[in-house]
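Structure in structure tokens, see below.
The values are calculated or read from the model by the stated rules, or taken from the named source; none is laboratory data. All of these numbers come straight from a predicted model, not from anything done at the bench. Ideal geometry is used to build each Cβ from the backbone, glycine not excepted, and the neighbour counts take in all protein chains shown. Areas reflect the complete protein model, heavy atoms only, side chains present, ligands, DNA and RNA absent. Shrake-Rupley method; radii C 1.70, N 1.55, O 1.52, S 1.80 Å.
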Amino acid sequence: MCDYSLQNVSSRSAKVADRLVTRDFGRGTRGFAAPEAPSVAVCVLPGTEIAFPEGLSITHRNFWGRKRREVRYHTAIFRQINKEKENTHHDALEFPDGHTLLLTHVAIGQNATVLQLPARPKNAAEAEAQQRVTYVG
């Protein structure tokens, strides 16, 4: 299942070695799609490792919104944040330095590759961490 805002879009699960691109699905959100099927959202499990071959340029800002520094990331782990909040975006990327960015804020047209899916959970806590937010509606 993808973020709540993609519930009315055709989707499929991500697989290892999938080549993806970020795109706007026309519903106020961005997500991943395969270049050969741009209208199908590719849903990624929390904990999935993703590579950005050209790098993903992110501008860090200070408290007042001024540019602090620009960083180019080449890998990220897919996460879901703010799971307890309904009707908000949950899909996010966690970068090696701990910085987290909502997927909907990533620029359109960024190429990505699925490196590794998360390991199967060994206990209830791990299973809960990998559980995607449930859409009710």
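Among the residues of segment 106-126, write down those that are open to solvent by 80 Å² or more (accessible area, probe 1.4 Å) and in contact (Cβ under 8 Å) with a residue 24 or more places away in the chain.
Once the filter is applied, which keeps residues that are open to solvent by 80 Å² or more (accessible area, probe 1.4 Å) and in contact (Cβ under 8 Å) with a residue 24 or more places away in the chain, segment 106-126 yields I108, L115, Q116.
How many residues does segment 9-47 hold that are of a type outside the set (K, R) and part of a loop (DSSP other than H, G, I, E, B)?
Going through segment 9-47, the residues of a type outside the set (K, R) turn out to be 9-11, 13-14, 16-18, 20-22, 24-26, 28-29, 31-47.
Checking which are part of a loop (DSSP other than H, G, I, E, B) leaves us with 9-10, 14, 16-18, 25-26, 28-29, 35-36, 44-47.
Going through segment 9-47 one residue at a time, the tally reaches 16.
Yes/no per residue for (1) surrounded by 20 or more Cβ atoms within 10 Å (Cβ to Cβ); (2) closer than 29 Å to A125 by Cα; (3) modelled with pLDDT under 90:
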residue	(1), (2), (3)
N8	no, no, yes
S13	no, yes, no
G26	no, no, yes
F32	yes, yes, no
E36	no, no, no
V44	yes, yes, no
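So, in segment 30-58, exactly how many residues are under 11 Å from the mean Cα position of the chain (by Cα) and either among the β-branched types (V, I, T) or at positive phi (or both)?
Count: 5.
Here is a further query. Could you check how many residues of segment 58-99 are among the polar types (S, T, N, Q) and exposed (fewer than 13 other Cβ atoms within 10 Å of the Cβ)? Break it down into steps so the answer makes sense when it comes.
First pass over segment 58-99, keeping only residues among the polar types (S, T, N, Q): 59, 62, 75, 80, 82, 87-88.
Checking the rest, the ones that are also exposed (fewer than 13 other Cβ atoms within 10 Å of the Cβ) come to 59, 62, 82, 87.
The qualifying residues number 4.
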